[in-house]
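J.: Have a look at this one.
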Amino acid sequence: MTRPAATTGLGAAHVLLTGGTGFVGQAVLERLLSAHPGTTVSLLVRTKGSASGEDRVRTLLRKPVFRAWREAAGEAGVEDALRRRIRVVEGGLDAVPPLPGDLDVVIHSASTVSFDPPIDQAFTTNVGGAIGLYEALRASGSTPHVVHVSTCYVGGLRKGVVPEARLEHTIDWRAEHAAATSARERVELASRRPARLRAFMERARAQHGKEGPQSVARASEAARVAWVTERLVDAGRTRAESLGWTDVYTLTKAFAERAAEELWAGTGGSLSVVRPAIIESALAHPFPGWIDGVKVADPLILAYGRGLLPEFPGLPDSVLDLIPVDYVVNAILAAAANPPAGGPEYLHIASGASNPLPFHRMFENVHAYFTAHPMPAPEGGHVPVPTWRFPGGRTVERAVARRRARLVRRERRLLRLPSTSRTRTRLAELGTNKSELETLESFTRLYRAYVQTEIIFDDTNARALHAALPAQARGDRGFDVTRIDWEHYLQHVHFPAITTLTRAYARRPEPGAGERRGTGELPRRTDVVAVFDLEGTVVDTNLVEQYLWVRSAGFGWAAWPGAVASILAQLPGYLRAERRDRGEFIRTFLRRYAGLPAAHLERIVGGGYAERMLAHASAAALERAAAHRAAGHRTVLVTGSIGTLTAPVAAAFDEVVASEMHVKDGRLTGFLARPPLVDEARANWLRQYAARGGFDLSASYGYGDSHADLAWLELLGHPHAVNPDGRLAREAGRRRWRIDTWRPSPRAVNRALMSANPVDADREEGAGGLH
Ligand SMILES: NC(=O)c1ccc[n+]([C@@H]2O[C@H](COP(=O)([O-])OP(=O)(O)OC[C@H]3O[C@@H](n4cnc5c(N)ncnc54)[C@H](OP(=O)(O)O)[C@@H]3O)[C@@H](O)[C@H]2O)c1
């Protein structure tokens, strides 16, 4: 196909750009500013938080894409452009504001580009947004040439060559839009039915009951919101598939094309529909490798580099249709400068037809790149990358389903076993395996359409437009995909660009992940707090044992059998209380101290009780506390029990936060002075403690052993699960937290404590009051 000579010039055009803050939009804006000095650009920008549209544009102009332009223009030139050439039309696609009446060109790039958004969100932005824009344009009196940015994948599930033409379908897109945008109301109502709310609450109670009532309420509401989102996402996916599309993104982009055709071209407007393939980093402009964050194909590439994808359900000969962003920008601006003579024109800006990159070649490239430049492994060393054999989509998907079923069965079995260091390690590994499997499953779902397709996007129109450009413009302003050397682009431009973006993340541990094996250097800081739970973490004991030690140390061995018998008699009640709420158990159990003279308890704790407790303390815990102190961190020992009972190990910490027991006439009453500091009460205390003391929780450390500790551990940047119970071990594995096993080591403990502050062993017998 030949066409008349084309131009790259936009002269003094007034251009309206939507999506100017996005990946493609900012690159279009940069080219307009740097290469089309006569143009005026109106930007449709919505407010974000407290930032106005204008604030956002000022911030935008400081991004790397504008660096060369800023340097060339100078600060005065930038201010001048802001004054004379850039206009902000504040507003969003959900309610398009009145538009200028003197527009020459409109580039509609704004869109939600997520593959899997809730159905109402996708339709509101992509379809409702196009309707709103073209109606507002009509109302403005402007008669611009419109470049409507769509996507190559807009045609849905297909095989073979897709022409650059109007999509063929007879779906009532307006009815689909109406049904989709009202879906949320129906699903929200369904989510609030009492039976459903009860189910959310029951599940939340089973999983978070130990963390406290607010955690249960939060989890229950989060489950309701997640249920609504899941239903709306599923509604989008299923409706798209039932109409022959891959996902709701491509379906709504198809209907947006209809809106442009019917509401703009259908009423006499000039229209070019530009359909790019998968847009990735710039080949040359504004500089090689420029990219604004991780884009469509990149999560897949990076997940491979991190060793998370042992196999992938792609077809080796399917074409992964990549296109550098500067080619897309050049094509959009060429289309903007050259309105079609007749009806709408369609342009595929894609590489698959003229310079295909099959998936197996892409794989060879990622394999070679990550073998030469491996990602750092969280536990040190480098991540080895797998070799894919491409056994076929179905085989991989079936293997994934079998693996999930195996993991679920193992998890059920392990949660029934008693918590030993072996079961804990297994549960933690299982948590990690499950989260890796979830990554693989979500990638498989999201990318299925892109790597299992046999589509080729015809690019005849795009090549004709390119060929019609002046010869001297075809280099810098061109988009001839046959010039792309894929090996060069991938190895030297694109992969380095995206791995540089993420390498810092790879090195920085996910919360606690980098320290899974080694303890790591502690950074010297004074705004860091290290919080240690006592029972089960620093000492390998519980309240019942402590009580028995108090009895035996204070009353001699003869007191043991009676105390044990009386505890055994009440054990079912204690266990029930413990299951319901740890605070309730502590409160109930500590009543046993009622009547004991406070001074006598202190003497017992300083004597025989101390010996026993120290025999159960972990030297690793005390050494860790000492290391934190040496790094300038504030060390805090926290217990739901009473402070007096922590005395033997207290010297190893800067502060002990514990309950106090009410004392009357010198004797303990058995009642606590304030509720015990456990689960979310401890989380609330920690928030307040950090706010008052100026501690940075994201840089702070926590050590806990129980699922009930989750509520406060998750507030910290460095959570550690120490001797975790089954549920905490599984969560820690899933979240890649560090897991430690700390064992009692009496001799080492004495050494550790002596260096902190020696404890006087002063034993005394006698006195009454214990039950
Ligand atoms: N990226 C690709 O690989 C690819 C491939 C083919 C086609 N495309 C098409 O290219 C166009 C640009 O994509 P992109 O990658 O630049 O996307 P992007 O980076 O996600 O940017 C989306 C832009 O749309 C704006 N936007 C979203 N919802 C809006 C709303 N309700 N009101 C006003 N503005 C809204 C965003 O503004 P805020 O900053 O306010 O959120 C942002 O400026 C889209 O039409 C997309 O379908 C992209």
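J.: May I ask you to list the residues in the stretch 477-490 that are open to solvent by less than 40 Å² (accessible area, probe 1.4 Å) and within 15 Å of Ala372 (Cα to Cα)? If you could, list the steps in order and put the result at the bottom.
T.: Applying the first criterion (open to solvent by less than 40 Å² (accessible area, probe 1.4 Å)) to the stretch 477-490 yields 478-479, 481, 484, 486, 489-490.
Matches in the stretch 477-490: Leu490 only.
J.: Separate question: Where residues in the stretch 50-78 are among the small types (Gly, Ala, Ser) and within 11 Å of the ligand (Cβ to nearest atom), which of them is least open to solvent (accessible area, probe 1.4 Å)?
T.: Looking only at the stretch 50-78, we keep the residues that are among the small types (Gly, Ala, Ser), and these are 50-53, 68, 72-74, 76-77.
With within 11 Å of the ligand (Cβ to nearest atom) added as a condition, the list becomes 51, 53.
Details: Ala51: 30, Gly53: 0 Å².
Result: Gly53.
J.: Still on this structure, please answer the following. State which residue is farthest from the ligand (Cβ to nearest atom) when the search covers only the stretch 1-21 and only residues that are surrounded by fewer than 17 Cβ atoms within 10 Å (Cβ to Cβ) and either modelled with pLDDT of 95 or more or β-branched (Val, Ile, Thr) (or both).
T.: Taking the stretch 1-21 and keeping what is surrounded by fewer than 17 Cβ atoms within 10 Å (Cβ to Cβ), we get 1-5, 7, 9, 11-12.
From the residues that got through so far, the ones that are either modelled with pLDDT of 95 or more or β-branched (Val, Ile, Thr) (or both) too are 2, 7, 11-12.
Working: Thr2: 27, Thr7: 24, Gly11: 25, Ala12: 25 Å.
The extreme case among them is Thr2.
J.: Pull up the stretch 259-276, narrow it to residues that are open to solvent by 10 Å² or more (accessible area, probe 1.4 Å) and in contact with a Phe, Trp or Tyr (Cβ under 9 Å, 6 or more places away or on another chain), then point me to the one that is farthest from the ligand (Cβ to nearest atom). Working first, answer last.
T.: Looking only at the stretch 259-276, we keep the residues that are open to solvent by 10 Å² or more (accessible area, probe 1.4 Å), and these are 261-263, 265-270.
Retained after the next criterion (residues that are in contact with a Phe, Trp or Tyr (Cβ under 9 Å, 6 or more places away or on another chain)): 262-263, 267, 269-270.
On the way: Glu262: 18, Leu263: 17, Thr267: 22, Gly269: 18, Ser270: 19 Å.
Filtering first and then ranking leaves Thr267.
J.: Do the conditions hold for Pro213, that is, is it surrounded by fewer than 19 Cβ atoms within 10 Å (Cβ to Cβ), modelled with pLDDT under 90 and within 16 Å of the ligand (Cβ to nearest atom)?
T.: Values: surrounded by fewer than 19 Cβ atoms within 10 Å (Cβ to Cβ): yes; modelled with pLDDT under 90: yes; within 16 Å of the ligand (Cβ to nearest atom): no.
No; evaluated as a whole, the condition is false for this residue.
J.: For the stretch 625-662, which positions are open to solvent by 10 Å² or more (accessible area, probe 1.4 Å), assigned to a helix (DSSP H, G or I) and touching a strand residue (DSSP E or B) at 6+ places or on another chain (Cβ under 7 Å)?
T.: Arg629, Gly643, Ala650
For (1) loosely packed, with under 15 Cβ neighbours inside 10 Å; (2) in contact with a Pro (Cβ under 7 Å, 6 or more places away or on another chain); (3) more than 21 Å from Arg738 (Cα to Cα); (4) modelled with pLDDT under 80, each residue gets a yes or a no:
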{"position": "Ser442", "(1), (2), (3), (4)": "yes, no, yes, yes"}
{"position": "Gln452", "(1), (2), (3), (4)": "no, yes, yes, yes"}
{"position": "Arg463", "(1), (2), (3), (4)": "no, no, yes, no"}
{"position": "Gly475", "(1), (2), (3), (4)": "yes, no, yes, no"}
{"position": "Val531", "(1), (2), (3), (4)": "no, no, no, no"}
{"position": "Val539", "(1), (2), (3), (4)": "no, no, no, no"}
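J.: Moving on to the next point. Right, Thr229: open to solvent by 50 Å² or more (accessible area, probe 1.4 Å), β-branched (Val, Ile, Thr), touching a residue at least 60 places away in the same chain (Cβ under 8 Å) and assigned to a helix (DSSP H, G or I) or not? Lay out the reasoning, then the answer.
T.: On the way: open to solvent by 50 Å² or more (accessible area, probe 1.4 Å): yes; β-branched (Val, Ile, Thr): yes; touching a residue at least 60 places away in the same chain (Cβ under 8 Å): yes; assigned to a helix (DSSP H, G or I): yes.
The answer is yes for Thr229.
J.: Inspect the stretch 111-125 for any residue being of a type in the set (A, V, I, L, M), within 10 Å of the ligand (Cβ to nearest atom) and open to solvent by 20 Å² or more (accessible area, probe 1.4 Å) and give the result as yes or no.
T.: yes
J.: With the requirement that a residue be within 16 Å of the ligand (Cβ to nearest atom) and modelled with pLDDT under 95, what does the stretch 155-186 give you? Steps first, answer last, please.
T.: As a first pass, look at the stretch 155-186 and keep what is within 16 Å of the ligand (Cβ to nearest atom): 155-156, 162, 164, 167, 177, 180-181, 184.
Gly155, Gly156, Val162 - these are the residues of the stretch 155-186 that are within 16 Å of the ligand (Cβ to nearest atom) and modelled with pLDDT under 95.
J.: Out of curiosity, is Thr143 within 13 Å of the ligand (Cβ to nearest atom), modelled with pLDDT of 95 or more and of a type outside the set (Lys, Arg)? Steps first, answer last, please.
T.: Working: within 13 Å of the ligand (Cβ to nearest atom): no; modelled with pLDDT of 95 or more: yes; of a type outside the set (Lys, Arg): yes.
It is false that Thr143 is within 13 Å of the ligand (Cβ to nearest atom), modelled with pLDDT of 95 or more and of a type outside the set (Lys, Arg).
J.: On to the next question. Can you confirm whether the stretch 200-207 contains a residue that is more than 16 Å from the ligand (Cβ to nearest atom) and open to solvent by less than 60 Å² (accessible area, probe 1.4 Å)?
T.: If we filter the stretch 200-207 for residues that are more than 16 Å from the ligand (Cβ to nearest atom), which is where we start, we get 200-207.
From the residues that got through so far, the ones that are open to solvent by less than 60 Å² (accessible area, probe 1.4 Å) too are 200, 204.
Checked against the condition, which is being more than 16 Å from the ligand (Cβ to nearest atom) and open to solvent by less than 60 Å² (accessible area, probe 1.4 Å), the stretch 200-207 yields at least one hit.
J.: Going residue by residue through the stretch 94-109, is there one that turns out to be of a type in the set (Gly, Ala, Ser), surrounded by fewer than 21 Cβ atoms within 10 Å (Cβ to Cβ) and assigned to a helix (DSSP H, G or I)?
T.: Step one: of the stretch 94-109, the residues of a type in the set (Gly, Ala, Ser) are 95, 101, 109.
Now restrict to residues that are surrounded by fewer than 21 Cβ atoms within 10 Å (Cβ to Cβ): 95, 101.
Next, only the ones that are assigned to a helix (DSSP H, G or I) stay: 95.
Checked against the condition, which is being of a type in the set (Gly, Ala, Ser), surrounded by fewer than 21 Cβ atoms within 10 Å (Cβ to Cβ) and assigned to a helix (DSSP H, G or I), the stretch 94-109 yields at least one hit.
J.: Can you pull out the residues in the stretch 79-93 that are part of a helix (DSSP H, G or I), within 15 Å of the ligand (Cβ to nearest atom) and surrounded by fewer than 19 Cβ atoms within 10 Å (Cβ to Cβ)? Please lay out each step first, then the result.
T.: Here is the first cut: in the stretch 79-93, the residues part of a helix (DSSP H, G or I) are 79-84, 93.
So of that shortlist, the ones also within 15 Å of the ligand (Cβ to nearest atom) come out as 93.
Once the filter is applied, which keeps residues that are part of a helix (DSSP H, G or I), within 15 Å of the ligand (Cβ to nearest atom) and surrounded by fewer than 19 Cβ atoms within 10 Å (Cβ to Cβ), the stretch 79-93 yields nothing.
J.: Among the residues of the stretch 300-310, are any among the hydroxyl-bearing types (Ser, Thr, Tyr) and open to solvent by less than 20 Å² (accessible area, probe 1.4 Å)?
T.: Here is the first cut: in the stretch 300-310, the residues among the hydroxyl-bearing types (Ser, Thr, Tyr) are 304.
Within this subset, residues satisfying the condition of being open to solvent by less than 20 Å² (accessible area, probe 1.4 Å) are 304.
So far as the stretch 300-310 goes, yes, one or more of its residues are among the hydroxyl-bearing types (Ser, Thr, Tyr) and open to solvent by less than 20 Å² (accessible area, probe 1.4 Å).
J.: Which residues, counting only those in the stretch 240-257, are surrounded by 20 or more Cβ atoms within 10 Å (Cβ to Cβ), of a type outside the set (Gly, Ala, Ser) and more than 22 Å from Ala337 (Cα to Cα)? First the steps, then the outcome.
T.: Filtering the stretch 240-257 down to residues surrounded by 20 or more Cβ atoms within 10 Å (Cβ to Cβ) leaves 240, 245-257.
Those still in the list that are of a type outside the set (Gly, Ala, Ser) too: 245-253, 255, 257.
Once the filter is applied, which keeps residues that are surrounded by 20 or more Cβ atoms within 10 Å (Cβ to Cβ), of a type outside the set (Gly, Ala, Ser) and more than 22 Å from Ala337 (Cα to Cα), the stretch 240-257 yields Trp245, Thr246, Asp247, Val248, Tyr249, Thr250, Leu251, Thr252, Lys253, Phe255.
J.: Are any of the residues in the stretch 363-370 in contact (Cβ under 8 Å) with a residue 40 or more places away in the chain and under 16 Å from Tyr447 (Cβ atoms)?
T.: yes
J.: Quick one: in the stretch 686-740, which of the residues that are open to solvent by 40 Å² or more (accessible area, probe 1.4 Å) and hydrophobic (A, V, I, L, M, F, W, C) is nearest to Glu411 (Cα to Cα)?
T.: The qualifying residue nearest to Glu411 (Cα to Cα) is Ile739.
J.: Also: Might you check whether a residue that is aromatic (Phe, Trp, Tyr) and within 28 Å of Thr425 (Cα to Cα) occurs anywhere in the stretch 677-698? Let's see the steps before the verdict.
T.: Quick first cut of the stretch 677-698, residues aromatic (Phe, Trp, Tyr) only: 685, 689, 695.
From what's left, within 28 Å of Thr425 (Cα to Cα): none.
Among the residues of the stretch 677-698, not one is aromatic (Phe, Trp, Tyr) and within 28 Å of Thr425 (Cα to Cα), which makes the answer no.
J.: A further question on this structure: For residues in the stretch 311-334 being open to solvent by 10 Å² or more (accessible area, probe 1.4 Å) and away from the ligand (no atom under 16 Å from the Cβ), which is farthest from the chain's Cα centre (by Cα)?
T.: The qualifying residue farthest from the chain's Cα centre (by Cα) is Asp317.
J.: Which members of the stretch 31-49 meet the condition of being more than 14 Å from the ligand (Cβ to nearest atom) and part of a loop (DSSP other than H, G, I, E, B)?
T.: Within the stretch 31-49, His36, Pro37, Gly38, Thr39 qualify.
J.: Go through (1) within 22 Å of Arg474 (Cβ to Cβ); (2) open to solvent by less than 30 Å² (accessible area, probe 1.4 Å) for Pro288 and report which single condition fails.
T.: Looking at each condition in turn, Pro288 falls short on (2).
The values are calculated or read from the model by the stated rules, or taken from the named source; none is laboratory data. Since this is a predicted model, take the numbers as computed values, not measurements. Because the Cβ atoms are built from the backbone with ideal geometry, glycine has one as well, and the counts that use them run over all protein chains shown. We work out accessible area using only protein heavy atoms, side chains counted, and drop any ligands, DNA or RNA first. Shrake-Rupley method; radii C 1.70, N 1.55, O 1.52, S 1.80 Å.
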